[in-house]
Amino acid sequence: MYEDYRKAGEITKIVKKEVEEFLKEGTKVLEIAEFVENRIKSLGGELAFPCNISINEIAAHYSPPIYDETVLQNGDYVKIDMGAHVNGYIADTAFTVKIGEEKDDLIRASEEALENAISMIKAGVNTSDIGAKIEETIKSYGFKPIENLNGHRLAQNELHADITIPNIATDEGYILKDGEVFAVEPFSTDGAGRVVDEDRVFIFSYVMDRPVRLGLARKVLSEIRRNYPDLPFAERWLSKKFPGRKLDFALKTLMRNGNIYNYNVLRDEKRGFVAQKEHTVIVKKDGCEITT
Ligand code: MN
Ligand code: MN
């Protein structure tokens, strides 16, 4: 199991390095997502979730649909969040770049918060203390952590298992145990420090079978159940089999009917810029091992 976590992590290390050359003005966001996902697969991994490419005030859950014409612009804060798995053991990792410019304090704040969090992770540590350290680090730069996004435990075929690692101090925490695997992901912003749902949805996950009247929706649901029973999937992944805008309507029908869960695009409430940095770690007795 830990070997699989490490293999998945090694794959993401390679892809993170290779994707850098795409992060310049004029690249289509769609091209980046397809590169990341195809490369994870060609390196022997499977996709733990669609590649998220969230720009500026968008914090998470933007994965370009097949018809997306968005291109990167100089000055954009671009967050690339990728997930690979081997036999269901997941590597979840993210980083931020500012297009055409050097790294700035907003990005540094999220990076240093992650470093500080990781340096204190070991068995016996309370997640609330980790959250406090993340909050303190980001505030020392004059920014806010995003309080309603958090790190999370990983388990086989489970991206967001029970336990979370907050990005702020919390009343009650959880004591980390030897051998547990967590994704830690501080977000820094010059905005509100809270994300809200947009109406747009490009990422979903299967919930349950339940009768649905629309024929196309039934077909789409059976495709989802067969291919993505556990982990999130992108609208884009279904577009080959179900071309055209009718797929949007089928997915909305399945959402309303409770067959699939919707991961709405998340943006900072005051439309501030957002940076994120994320690693997956294995908790050890006297420290932790970074897999990504
Ligand atoms: Mn992630
Ligand atoms: Mn994560």
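Taken together, the values in this text are just the output of simple stated rules run on the coordinates, not laboratory data. On a predicted model such as this, the values are computed, not experimentally measured, just so you know. No Cβ is skipped: glycine too gets one built from the backbone with ideal geometry, and neighbour counts run over all protein chains shown.
Using only Cα atoms and rounding to the nearest 10 degrees, what angle (0 to 90) does helix 105-120 make with the longest principal axis of the chain? Approximately 70 degrees, to the nearest ten. Considering only ALA183, ALA33, ALA123, the mean-square fluctuation computed in a Gaussian network model of the chain, springs between alpha carbons under 10 angstrom, is largest for ALA123. For the chain, the 222 nm mean residue ellipticity estimated from helices alone, with every DSSP H stretch of n ≥ 4 adding -39500 (n - 2.57) and the total spread over all residues, rounds to -9500 deg cm²/dmol.
Quotient of the Cα radius of gyration of the chain and 2.2 N^0.38 Å, N being its number of residues: 0.97. Computed from the Kirkwood radius of its Cα pairs, the Stokes-Einstein diffusion coefficient for the stretch 200-266 at 37 °C and 0.692 mPa s stands at 282 µm²/s.
Treating cross-link reach as a plain straight distance, find the lysines whose alpha-carbon is under 20 Å from the alpha-carbon of LYS252, omitting any fewer than eight places away in the same chain. Within the straight-line limit of under 20 Å, LYS252 reaches these lysines: LYS219, LYS240, LYS241.
With a cut-off of 12 Å between beta carbons, the residues surrounding TYR5 carry a summed charge of -4, where Lys and Arg count +1 and Asp and Glu -1.
Which order do peptides 104-116, 75-87, 189-201 fall in by mean Cβ count within 10 Å, highest first?
Top to bottom by mean Cβ count within 10 Å: 75-87, 104-116, 189-201.
Other residues with beta-carbon under 14 Å from the beta-carbon of ALA155 carry, at +1 per Lys or Arg and -1 per Asp or Glu, a net charge of -4.
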